[in-house]
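Beneath this line is the structure, given in structure tokens, with notes to follow.
The values are calculated or read from the model by the stated rules, or taken from the named source; none is laboratory data. Just so you know, these numbers come straight off a predicted model, no measurement behind them. Neighbour counts are summed over all protein chains in view; Cβ atoms, including those assigned to glycine, are modelled from backbone coordinates with ideal geometry.
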Amino acid sequence: MANPKKKHTRMRTGMRRAANWQISAPSMAVCSHCSAPTLPHQVCKECGFYDGELILPRKVKKKKDAEGGGEAPA
Ligand SMILES: [Zn+2]
């Protein structure tokens, strides 16, 4: 059986773990209807369209929010 000959140092263990902890930004697609950034293969949250079809009819908002807070900066 394969057996390690030497104990790995804490530094070496830490470097191995530190190399994989970073997360990456989700890949984004562009909505074909409203050109908003959306997750790929999912209904657009802005307009409710998917593949050129209206899937989720959106309710008409009474007051217009000026929030763009949930958007990814790009
Ligand atoms: Zn859209």
> Only one of (1) of a type outside the set (Lys, Arg); (2) more than 12 Å from the ligand (Cβ to nearest atom); (3) without any contact (Cβ under 8 Å) to a residue 24 or more places away in the chain is not met by ASP51, so which one is it?
Replying inline: (2)
> Is it the case that PRO40 is exposed (fewer than 10 other Cβ atoms within 10 Å of the Cβ) and at pLDDT below 90?
Replying inline: no
> Would you say LYS45 is surrounded by 12 or more Cβ atoms within 10 Å (Cβ to Cβ) and either assigned to a loop (DSSP other than H, G, I, E, B) or modelled with pLDDT of 90 or more (or both)?
Replying inline: yes
> Filter the stretch 7-34 for residues that are surrounded by fewer than 10 Cβ atoms within 10 Å (Cβ to Cβ) and in contact with a Leu (Cβ under 9 Å, 6 or more places away or on another chain); which is farthest from GLY52 (Cα to Cα)?
Replying inline: PRO26
>> Take PRO4 and tell me if it is within 16 Å of the ligand (Cβ to nearest atom), surrounded by fewer than 10 Cβ atoms within 10 Å (Cβ to Cβ) and at pLDDT 85 or above.
In response: no
>> What's the number of the only condition in (1) modelled with pLDDT of 90 or more; (2) away from the ligand (no atom under 14 Å from the Cβ); (3) in a loop (DSSP other than H, G, I, E, B); (4) more than 17 Å from the chain's Cα centre (by Cα) that MET15 fails to meet?
In response: (3)
